[in-house]
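Asks: Can you read through this structure? Questions will come right after.
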Amino acid sequence: MKKNIPNAITLVNLFCGCCALVCVFNEMFVPAFWFLFAGGLADYADGFVARSLGVHSILGKELDSLADMVSFGVVPGAILYTLISNHPMAEDYSYENLNLMAAPAFLVTLFSCLRLAKFNLDTRQSEDFIGLNTPSVTMFVTGLMLIYHFDSFGMGDMVYHPYILYPTILILSYLLVAELPMFSMKFKGMKWVGNERRIVFMILGILAVIFLHEVAFSLMVGLYVLFAFFDKIFFGKKME
C-alpha cells in the first residue's frame, strides 16, 4: 500500500497541471498560478515521501516525468502562447483559433520533453541537475504571466511583447538541454554544511517575494542561471 503513496502524490501534480492549463487558456492567471504552485509542491513531495518510506520504483519515475511534462512542459508553453497571442502585433496572424505568431511558444514544450527524456537516461543527475530543470522554467514563465496580469512595476506591456518573448523562448529552450551544472533544491538533512547554496537561495527567494511580489519568480530563476554560469566559468565545475 505504502509504495503507491508517492505515485498518488505524483498524480496530484498531473491533476493540478491539467487544471492550470485550462485556467491559462481561459486567462484565469491567478488560479493558474495556484494550481501550478500546488503541482510544484506535489512534485517536490512525491520524491521526499518516496525517500522517507524507502520505496522506489520504475513506475514512479516514469509517472513523475509524465506528470512533469504536463505541469512543467505543456503549461509554460501555453502561458507563452497566450501572452504572445494577446499582443496587438499578433492579431493578424490567426488561422481559425490558432495564432501562428504565438505558436513558436511551444518550442519550450518540445525542449521540455527532450530534457525529461534525457534526464531519465542520464546517470549524472542523481542529486544536482545538468541544464535548467522544467519546474524552474515554469517558475520563470509564471512570473512573466503574473507581471503581465498585475502590470507589476509598469512592466506589463513589456513582458508580453513578441520581441521580448521570442528571445526568451530560445534562451529557455537552450537552457533546458544545456550542459550546464546547476544545483538542486533538495536539502541534504537540516544542517548548514552541504546546504549552503540552497539556504542562501531560499532566503533570497523569500525576501524577493516579500519586497518584489510576483516579480520575484522570474528574477530568482534568472539569478539561479547566472549563478550556474558564474560557478562554471570561475570555479570550473564539470559534469561527471
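The values are calculated or read from the model by the stated rules, or taken from the named source; none is laboratory data. Keep in mind that this is a model prediction, so the values were computed, not measured. As a convention, Cβ positions derive from the backbone with ideal geometry for all residues, glycine included, and neighbour counts pool all protein chains shown. Only protein heavy atoms, including side chains, enter the accessible area calculation; ligands, DNA and RNA are left aside. Shrake-Rupley method; radii C 1.70, N 1.55, O 1.52, S 1.80 Å.
Asks: I need the full set of residues from segment 25-46 which are within 15 Å of the chain's Cα centre (by Cα) and hydrophobic (A, V, I, L, M, F, W, C), in order please. Spell out the reasoning first.
Replies: Keep residues of segment 25-46 that are within 15 Å of the chain's Cα centre (by Cα), which gives 32-44.
Of everything in segment 25-46, those that are within 15 Å of the chain's Cα centre (by Cα) and hydrophobic (A, V, I, L, M, F, W, C) turn out to be Ala32, Phe33, Trp34, Phe35, Leu36, Phe37, Ala38, Leu41, Ala42.
Asks: Could you tell me which numbered condition Met185 fails, if it satisfies all but one of (1) outside any helix (DSSP H, G or I); (2) over 15 Å from the mean Cα position of the chain (by Cα); (3) surrounded by 14 or more Cβ atoms within 10 Å (Cβ to Cβ)?
Replies: (2)
Asks: Select from segment 132-141 the residues that are open to solvent by 10 Å² or more (accessible area, probe 1.4 Å) and either β-branched (Val, Ile, Thr) or closer than 18 Å to Val209 by Cβ (or both) and list them in ascending order.
Replies: Within segment 132-141, Pro135, Ser136, Met139, Phe140 meet the criteria.
Asks: Exactly one condition in (1) in contact with a Phe, Trp or Tyr (Cβ under 9 Å, 6 or more places away or on another chain); (2) part of a loop (DSSP other than H, G, I, E, B) is not met by Phe201; state its number.
Replies: Condition (2) is where Phe201 drops out.
Asks: Of the residues Ser71, Ser112, Ser65, Ser136, which single one is among the small types (Gly, Ala, Ser), farther than 20 Å from Ser218 by Cα and in a helix (DSSP H, G or I)?
Replies: Values: Ser71 fails: farther than 20 Å from Ser218 by Cα; Ser112 fails: farther than 20 Å from Ser218 by Cα; Ser136 fails: farther than 20 Å from Ser218 by Cα.
That would be Ser65, the only listed residue that is among the small types (Gly, Ala, Ser), farther than 20 Å from Ser218 by Cα and in a helix (DSSP H, G or I).
Asks: Let me ask something additional. Here is a check on your reading of the model: is Val22 open to solvent by 30 Å² or more (accessible area, probe 1.4 Å) and either touching a Pro at 6+ places or on another chain (Cβ under 6 Å) or not acidic (Asp, Glu) (or both)?
Replies: Details: open to solvent by 30 Å² or more (accessible area, probe 1.4 Å): yes; either touching a Pro at 6+ places or on another chain (Cβ under 6 Å) or not acidic (Asp, Glu) (or both): yes.
Answer is yes for this residue.
Asks: List pairs: first residue in segment 29-57 and loosely packed, with under 15 Cβ neighbours inside 10 Å, second residue β-branched (Val, Ile, Thr) anywhere in the structure, Cβ distance under 8 angstrom, at least six positions apart or on different chains.
Replies: Within 8 Å, the pairs are Leu53/Ile5.
Asks: Let me ask something additional. Every residue in segment 106-136 that is within 24 Å of Leu80 (Cβ to Cβ) and among the polar types (S, T, N, Q), please.
Replies: Thr109, Ser112, Asn133, Thr134, Ser136
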